[in-house]
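Quick note: the coordinates plus some simple rules give every number you see, no bench work behind them. Just so you know, these numbers come straight off a predicted model, no measurement behind them. We place every Cβ from the backbone using ideal geometry, glycine too, and count neighbours over all the protein chains shown.
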Amino acid sequence: MQTPTTVQLIESPGGLADCPGFKLSAVACDIRQNGDAERLDLALLVPEAPCKAAGVFTRNDLCAAPVLHGRAVLQQSADQIGGCLINSGNANAATGPQGADDNAQMAAQAQSATDTSAPFLVCSTGRIGRQLPMEPIQNGIAQAAAKLNADPQESLDAADAILTSDTRRKVATARFQYGEQTITVAGMAKGAGMIEPDMATMLAFLTTDIDASATTLHEALKDACDQSFNCITVDGDMSTNDTVLLFANGNSGLTVDGNETLLAAFREAVRIVCQDLAEKIVGDGEKVTKLVELHVVGCKSDEDAEKVARAVGNSLLVKTSWYGADPNWGRLADAAGYARVGLEIARLDIHYDDVPALLSGSPQDEKLPLWKIIVSKERFRITINLNQGDARYRLLASDLSEAYVDFNKSE
């Protein structure tokens with residue numbers, strides 16, 4: 001049995017084309033209809049031959065047309081997917097029958113333009129409630145199909161084309177050796193606002209050259225999402241369009257099915273790519289100045305730990321205190337308390353990084369100068385220990401600034 005080397009993220013990732021066997025392109029269509037003919041806003045992702053795919057989608061009752069379409073396509077044809085068309089600037093959500101028709105037309109045109117027999121997935125992100133400008137999109141699909149290639153710059157351009165309020169592209173690639181073969185999992189994502197609780201206003205796409213059944217791919221992707229995109233929060237809002245897709249073309253000639261060693265390494269690669277992208281999303285949150293790693297430990301159950309973490313991470317009072325560099329542990333304790341998991345103050349410990357703020361319910365006020373230094377950093381860790389059990393939960397959260405309010409008061 002081969003033993004794979006350690007799975008590692010590579011430096012200077014180049015996007016989805018880091019994985020052999022995939023082509024990408026990006027074009028500017030002015031989907032936002034604001035006269036900006038230079039901003040990239042439509043991307044194509046196409047395997048050299050139809051491949052297997054898996055997806056995880058938003059659980060919002062108000063699902064956008066691309067989400068409904070994507071679920072249906074994967075249910076019917078997960079073993080033969082022709083590619084994915086992605087647009088930014090318009091979510092195609094709450095757009096009624098016309099939105100569904102437009103989405104179907106986009107998928108059909110992408111399939112025809114790339115001359116593939118397999119169906120296409122579509123992902124959209126942007127403003128909710130507006131109909132898509134179909135004429136520029138149709139022109140853009142034709143242009144994008146004509147320039148598909150595996151060029152690194154085209155891959156990075158595709159990562160730029162999917163952005164909305166993001167300030168920078170988000171890409172990550174992991175590789176590992178198995179025998180003489182190098183296995184790749186590459187990813188790109190977008191997301192900066194409406195981040196929480198199940199994924200975010202976010203799209204993420206992963207490519208791999210390994211082979212696996214659609215069921216295995218979905219299990220690996222779901223597990224990775226539960227440990228990454230589902231463990232982040234910026235503002236507590238769930239989107240209508242959240243989608244994470246994983247495409248596997250099998251170009252390596254290796255399959256994980258029936259090979260537990262290879263499967264474990266592959267799942268680890270998918271997980272660390274998703275975690276890296278998730279951290280980049282929170283770090284690029286709308287007008288965010290601080291990234292906070294929140295660890296809730298010592299709980300009776302995983303559900304209790306997550307409740308406490310989300311109560312603290314989504315508290316406006318907590319988030320604004322982080323922005324103000326105020327080590328107000330009282331707000332942390334209050335939010336943990338209204339999670340209603342049976343917290344007992346006499347058992348409660350709170351730490352900023354490794355410095356105690358509360359031990360067995362007793363304030364450690366002499367540490368105040370150290371707390372202030374810690375919460376003034378751009379990134380710090382808070383640990384809340386209920387000392388009631390062994391369950392734990394990790395949540396990446398951010399602060400909340402005046403600039404966030406100003407940025408989101410109108411579109």
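Under 5 Å between amide H atoms, partner at least 5 residues away or on a different chain: which partners does Lys170 have, H built in plane at 1.01 Å?
Counting only residues 5 or more places away or on other chains, the set is Ala189.
Order these peptides, 116-123, 99-106, by their mean beta-carbon neighbour count within 10 angstrom, highest first.
Result, highest mean first: 116-123, 99-106.
Of Lys307/Lys367; Lys319/Lys377; Lys190/Lys222; Lys190/Lys290, which pairs sit farther than 22 Å apart, going by alpha carbon to alpha carbon?
Lys307/Lys367
How much net charge surrounds Asn249 when only the other residues with a Cβ under 9 Å from the Cβ of Asn249 are counted, with Lys and Arg +1 and Asp and Glu -1?
-2
Compare the peptides 247-255, 72-80, 343-351 by average per-residue count of other Cβ atoms within 10 angstrom and give them in order, highest first.
247-255, 343-351, 72-80
Enumerate the calculated ³J(HN,Hα) couplings along segment 122-135 in order (Karplus 6.51 cos²θ - 1.76 cosθ + 1.60, θ = phi - 60°), each rounded to whole Hz, writing x wherever the residue is Gly or Pro.
10, 10, 10, 8, x, 6, 8, x, 10, 5, 6, x, 5, 4
Give, as a single signed number, the net charge of other residues whose beta carbon lies under 13 Å from the beta carbon of Leu359, with Lys and Arg counted +1 and Asp and Glu -1.
Combined, the nearby Lys, Arg, Asp and Glu give -2.
What list of ³J(HN,Hα) couplings, whole Hz, do you get for segment 72-85 from phi and the Karplus terms 6.51, -1.76, 1.60, once you set θ to phi - 60° and write x for glycine and proline?
5, 5, 5, 5, 9, 8, 5, 8, 9, 10, x, x, 9, 9
Which of the peptides 263-273, 30-40 is most tightly packed, and how do the rest follow, judged by the mean count of other Cβ atoms within 10 Å per residue?
263-273, 30-40
Quick one: which residues, 5 or more positions from Lys23 or on another chain, have an amide H under 5 Å from its amide H? H modelled 1.01 Å from N in the peptide plane, none for Pro or chain starts.
Correct list: Val46, Glu48.
Placing unit charges on C-beta atoms (Lys and Arg positive, Asp and Glu negative, everything else neutral), compute the dipole magnitude of segment 242-319 about its Cα centre in debye, rounded to 20.
That gives segment 242-319 a dipole magnitude of about 320 debye.
Quick check: the angle from helix 260-283's long axis to the longest principal axis of the chain, C-alpha only, nearest 10 degrees?
70
Check Cys123: other-chain or 5+ apart residues with amide H under 5 Å from its amide H, H built from backbone geometry?
For Cys123, whose amide H was placed from the backbone, the distant partners under 5 Å are Leu85, Ile86, Asn87.
Quick check on the chain: of the DSSP beta bridges with both residues there, what percent are antiparallel, nearest 5%?
Expressed as a percentage, antiparallel bridges in the chain total about 70.
What angle do you read, to the nearest 10 degrees and between 0 and 90, between the alpha-carbon axis of helix 302-313 and the longest principal axis of the chain?
The answer is roughly 80 degrees.
Note down the net charge around Ala212, summing +1 for each Lys or Arg and -1 for each Asp or Glu among other residues with Cβ under 15 Å from its Cβ.
Taking every other residue near Ala212 into account, the sum is -4.
I need the phi-derived Karplus couplings for segment 24-29: 6.51 cos²θ - 1.76 cosθ + 1.60, θ = phi - 60°, integer Hz, Gly and Pro marked x.
Rounded to whole hertz, the list is 9, 7, 8, 9, 9, 10.
Nearest 500 deg cm²/dmol is fine: what mean residue ellipticity at 222 nm does the chain get from its DSSP H runs of n ≥ 4 alone, each adding -39,500 (n - 2.57), divided by its residue count?
-10500 deg cm²/dmol
Using only Cα atoms and rounding to the nearest 10 degrees, what angle (0 to 90) does helix 96-113 make with the longest principal axis of the chain?
Helix 96-113 and the main axis of the chain meet at about 60 degrees.
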